[in-house]
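Below: the structure, in structure tokens.
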Amino acid sequence: MAEPKPWVDVPGLRRMSWRKMSAIGGALAVAGAVLGGLLLLGLPVVLIGGLLLLLTSPCTCAVGFCTAPLWIPLLLFVGIPALIFFVTTGGIMLLFTVLAGLTGAAGWWIYRYNRGPMPPGGDAMQRVLDRLRGRSREVTERISKVGQQAASAAA
């Protein structure tokens, strides 16, 4: 089976060692985890900071005191349990780290499949793609044949 021609030829990429490729992949996974952590922590900081600014604003204090019977139960029964959940479950950060690692691994596999030597399972993927292409070709030929027969029968 002929190896696909790369879209862009990067000099020295095929000579790069596995250790260097894995170091690059690991660095990308760590960067993804850090970015996920910043997003995970940045959103609550923005929301809580915005809420505090809104609540302490002189223009809205009077409205806040008048509508306290509406938002105090919401804060007690939704806000505080949600805060406890986010503080006590560090599993969310673990989830983002695992997802970043899996994304890096999937990107490595796709890159190797498209540009480099076949990754593990790449030959099976190629066989499936060849079967799908052959099947779609058969179906289009059969549809055109049936269409021609219907057109000749109608004439």
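The values are calculated or read from the model by the stated rules, or taken from the named source; none is laboratory data. Keep in mind it's a predicted model, so treat the numbers as computed, not measured. Counting neighbours? That spans all protein chains shown, and the Cβs are built from the backbone with ideal geometry, glycine included.
Return yes when residue 142 is under 38 Å from the mean Cα position of the chain (by Cα), part of a helix (DSSP H, G or I), over 30 Å from residue 37 (Cα atoms) and at pLDDT 75 or above and no when it is not.
no
Show the residue pairs that are 6+ apart or on different chains and have beta-carbon atoms under 6 Å apart, the first residue being within segment 20-33 and at positive phi, the second being surrounded by 13 or more Cβ atoms within 10 Å (Cβ to Cβ).
From residues that are at positive phi, there are no pairs.
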